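See below for the structure under consideration.
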Amino acid sequence: ARQLVAMLPETPSPDAAPAARMLADWNGHVDGDSGAAALFEIVWRELDARMRDAVVPDRAKSLVTSLSPGVMLGFLAHPDARLGADPAAARDALFDAALASGWVKATRLMGEDPAAWRWATLHRVRIQHPLSSIPAIARAFPAIEGEGSGGDAYTPMARWVSSAGWRVTGGASYLMVCDVGKWENSVMLLLPGQSAEPASPHYRDFYKPWIEARMQPLLFDRKAIDAAATRRTELTPA
């Protein structure tokens, strides 16, 4: 994001100027409450589509569905003959068009007031159990949803973004930090909860902490585990 911002055109067209100004003032953090982060994500997708259309051969277009950030930034920083007879001018026109189109799409998706834009407004977290795709039992596996999130597929707290929209379909499912020698200081986070049983109150108990990146205690000491236990299940042979 910071590399992209550093390459913003110095004299954007009137249609691209609002987006260029907003991104130029951005700190590069993909926070949920950031309007600039939302604009960046939209502009990046616009850039990707335009760059693929320009450089990917027709016979490969159905196979190349996106460009990696490194490839994209490379094309922007060092345009070559694949962009035409005047690569730099073609790059500038492509970048300007992506900024202008991104601003229009952001306005359509989040409203006319850029001050009210939020990445979390678009980036809603909806987790579906794999078995929910089977109609006969789908009702037993309701989706877990209702919150928006920061991050994207390239942030440390990864959130995968649907290619058909902006919804979060998954992400970093288990995180753990262990303090070797002082195990009681260890923390973890599990998406979406501690139980794989949809009827359990612990099926989604880490959904909000995961969205907010609030790590949870990872208990090792037996006394600490017993003290924190809320339920015990004993299996006794007949």
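The values are calculated or read from the model by the stated rules, or taken from the named source; none is laboratory data. Since we're looking at a predicted model, the values are computed, not measured. Neighbour counts are summed over all protein chains in view; Cβ atoms, including those assigned to glycine, are modelled from backbone coordinates with ideal geometry. All accessible areas refer to the heavy atoms of the entire protein, side chains included, with ligands and DNA or RNA removed. Shrake-Rupley method; radii C 1.70, N 1.55, O 1.52, S 1.80 Å.
Of note:
- Size check on the stretch 1-146: the Cα extents along the three principal axes, sorted descending, read 58, 42, 23 Å.
- Average accessible area per residue (Å²) across the chain - probe 1.4 Å, nucleic acids and ligands excluded: 59
- Under-5 Å amide H pairs with Glu147, H placed in peptide plane, nonlocal only: Val125
- In straight-distance terms, cross-link reach from Lys61 covers every one of the aspartates and glutamates whose alpha-carbon lies under 20 Å from its own, apart from those fewer than eight places away in the same chain; here that gives Glu46, Asp48, Asp53, Asp80.
- ³J(HN,Hα) computed for each position of the stretch 157-170 - Karplus, 6.51 cos²θ - 1.76 cosθ + 1.60, integer Hz, glycine/proline x: 8, 4, 9, 6, 9, 4, 5, 8, x, 10, 5, 7, 9, x
- Annotation: aspartates and glutamates with alpha-carbon distance below 17 angstrom to Lys208 (same-chain offsets under eight excluded): Asp31, Asp33, Glu145, Glu147, Asp152.
- Per-residue ³J(HN,Hα) for the stretch 77-82, Karplus 6.51 cos²θ - 1.76 cosθ + 1.60, θ = phi - 60°, Hz, x for Gly and Pro: 6, 9, x, 10, 4, 5
- Surface/4 of the Cα convex hull for the stretch 139-238, nm²: 9.5
- Spatially proximal lysines relative to Lys223 (Cα-Cα < 16 Å; intrachain offsets below 8 disregarded): Lys182
- When a 1.4 Å probe is rolled over the protein heavy atoms, the share of accessible surface on the stretch 149-229 that falls to carbon and sulfur comes to 58 percent.
- Only DSSP H runs of four or more residues enter the estimate; each adds -39500 (n - 2.57), and after division by the residues of the chain the mean residue ellipticity at 222 nm equals -10500 deg cm²/dmol.
- Rg to Rh quotient for the stretch 144-192, alpha carbon positions, Kirkwood Rh: 1.11
- Amide H to amide H, with H built 1.01 Å from N, Gly193 comes under 5 Å of Phe206, counting only residues 5 or more places away or on other chains.
- Shown in residue order for the stretch 105-112 are the 3J(HN,Hα) couplings computed by the Karplus curve 6.51 cos²θ - 1.76 cosθ + 1.60 at θ = phi - 60°: 5, 4, 5, 5, 7, 10, x, 6 Hz (x for Gly and Pro).
- Magnitude of the charge dipole, the stretch 183-238, Cβ model with Lys/Arg +1 and Asp/Glu -1, debye to 20: 80
- Volume per residue of the C-alpha convex hull in the stretch 113-177, rounded to whole Å³: 130
- Stokes-Einstein diffusion coefficient of the stretch 10-91, Kirkwood radius over Cα pairs, 10 °C, 1.306 mPa s, in µm²/s: 112
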